[in-house]
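Notes follow the structure.
The values are calculated or read from the model by the stated rules, or taken from the named source; none is laboratory data. Computed from a predicted model, the values in this text were never measured in an experiment. Every residue, glycine as well, gets a Cβ built from its backbone with ideal geometry; the counts of neighbours run over all protein chains shown. Heads up: the accessible areas ignore ligands, DNA and RNA and are worked out on the full protein's heavy atoms, side chains in. Shrake-Rupley method; radii C 1.70, N 1.55, O 1.52, S 1.80 Å.
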Amino acid sequence: MGESFPMKSGDDSHSYSKNSLYQKLASDTVKEMIQESVIKYLDTDKVTSSMGSTTIALADFGCSIGPNTFLAVQNLIQPLQTKNLEFQVFFNDHFSNDFNTLLTSLPPERPYHAAAVGGSFYGRLFPRNSLTIAYSSQSLHWLSKPPQGVNNEAGIHGSGAPEPVARAYSAQFEADLGCFLDARAEEIVSGGLMFLVMPATPDGLTQTELSALFDFYGYSLMDLADKGVVEKSRIEEFNLPIHIPRLGEMREVIEKNGCFRIERMELTNPKSKVAGPLDAANVVTHMRSAMEGVFAAHFGASVADQMFDNVVPMTPRIADCFKALHHISNQLFVVLTRK
Ligand code: SAH
């Protein structure tokens, strides 16, 4: 089922659980929109009677190890808590995810039953018509694998990828998202809801903070090649399995799948919640906990370490890029209902 590069496990200072603040900001931004949408689009009477049960099953696809997933689940459940319902929450991620950290840090006072479900969300994970609400945040830009047969000199599909590389990435993304939607279409009951939150690029633009940061990862690798730390050919063989879709690209894949009605689809700007541009030094550290695994798997831990260390002195240049991109809304928020 493709490759997996879990977020850094445990809870030390480099771990994902201590370094997912930007993701938290991103989910805080959509909190109200999620709660409104649950009230507006979910007919709980209809769904529970068609399922023959007053249990609402929710799943978070790509939950990582917390704490954001707990906040997300709380947001989804809160508008429904006044009703006479029970909640079953499934936390999904790759098998290699640190589910121990996740499960041992579950909020002690939680209005739901919790279970972990390992496996790739690009395939089926649940029985037919068993889910009422599906949620996925900051996960669907991870491809099941890098596009094949692509020779990308810089190794990174940042903002300046040549046309054939960009096309290959789009094709892989469309195939993967298609699989995700097919699987969820089977699992989600008619009238059920799906929320997708992920990085995206406005139509007509090529750069966001994330792709700019990836460019700097590329510069850092090239630097290491010049210093003889890593072979240029190793860099050419590497393709980061991440694609940041355009808004229109996302809409096309969802419409092509045809099983879901698009209730809401827009770009938000979580950065507008912080005063001034993103703190580049902070982002550089934060992103490391999410990205280290994928570089270490290809280049080995030592090169990956040097690659990330080498990005730190580039922070002032990264900060300039972030300043220029601050006004751009780069987070996609999608609400779908299962037809
Ligand atoms: N939703 C959390 C975590 C995002 S990090 C938050 O908003 O903070 C992205 C997560 O997606 C990682 O834990 C990664 O392992 C997971 N992921 C990526 N591809 C996946 C796949 N194909 N199947 C399941 N999980 C996947």
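With the structure loaded, tell me whether ASP176 is in contact with a Gly (Cβ under 6 Å, 6 or more places away or on another chain) and assigned to a helix (DSSP H, G or I) or whether it fails that test.
No.
Do you know which residues across the range 288-339 are among the small types (Gly, Ala, Ser) and in contact (Cβ under 8 Å) with a residue 24 or more places away in the chain?
The answer is SER289, ALA290, GLY293, ALA297, ALA319, SER329.
Give the residue that is farthest from HIS326 (Cα to Cα), with candidates limited to residues of the range 247-269 that are touching a helix residue (DSSP H, G or I) at 6+ places or on another chain (Cβ under 8 Å), assigned to a strand (DSSP E or B) and of a type outside the set (Asp, Glu).
Among them, the one singled out is PHE260.
If a residue must be away from the ligand (no atom under 14 Å from the Cβ) and not in a helix (DSSP H, G or I), how many such residues does the range 91-106 contain?
Selection size over the range 91-106: 1.
Exactly one of these conditions fails for ALA116: (1) within 16 Å of the ligand (Cβ to nearest atom); (2) touching a Gly at 6+ places or on another chain (Cβ under 8 Å). Give me its number.
Of the numbered conditions (1) within 16 Å of the ligand (Cβ to nearest atom); (2) touching a Gly at 6+ places or on another chain (Cβ under 8 Å), the odd one out for ALA116 is (2).
Can you tell me how many residues within the range 87-104 are surrounded by 15 or more Cβ atoms within 10 Å (Cβ to Cβ) and not acidic (Asp, Glu)?
Of the residues in that region, 11 qualify.
Given the condition closer than 15 Å to VAL334 by Cα, crowded, with 17+ Cβ neighbours inside 10 Å and small (Gly, Ala, Ser), answer yes or no: does some residue in the range 242-259 qualify?
No, that holds for no residue.
Does the range 53-90 hold any residues that are within 16 Å of the ligand (Cβ to nearest atom) and not in a helix (DSSP H, G or I), and which are they?
Passing the criteria: LEU58, ALA59, ASP60, PHE61, GLY62, CYS63, SER64, ILE65, GLY66, PRO67, VAL89, PHE90.
For (1) at positive phi; (2) open to solvent by 30 Å² or more (accessible area, probe 1.4 Å); (3) in contact with a strand residue (DSSP E or B) (Cβ under 9 Å, 6 or more places away or on another chain); (4) not in a helix (DSSP H, G or I), each residue gets a yes or a no:
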{"site": "SER272", "(1), (2), (3), (4)": "no, yes, no, no"}
{"site": "LEU278", "(1), (2), (3), (4)": "no, no, no, yes"}
{"site": "VAL284", "(1), (2), (3), (4)": "no, no, no, no"}
{"site": "ALA290", "(1), (2), (3), (4)": "no, no, no, no"}
{"site": "HIS298", "(1), (2), (3), (4)": "no, yes, no, no"}
{"site": "SER302", "(1), (2), (3), (4)": "no, yes, no, no"}
{"site": "PHE308", "(1), (2), (3), (4)": "no, no, no, no"}
{"site": "THR315", "(1), (2), (3), (4)": "no, no, no, no"}
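Looking at this structure, is SER27 open to solvent by less than 50 Å² (accessible area, probe 1.4 Å), touching a Ser or Thr at 6+ places or on another chain (Cβ under 8 Å) and either in a loop (DSSP other than H, G, I, E, B) or within 16 Å of the ligand (Cβ to nearest atom) (or both)?
Against the criterion (open to solvent by less than 50 Å² (accessible area, probe 1.4 Å), touching a Ser or Thr at 6+ places or on another chain (Cβ under 8 Å) and either in a loop (DSSP other than H, G, I, E, B) or within 16 Å of the ligand (Cβ to nearest atom) (or both)), SER27 qualifies.
Count, please, the residues in the range 71-99 that happen to be among the hydrophobic types (A, V, I, L, M, F, W, C) and over 17 Å from VAL38 (Cα atoms).
4
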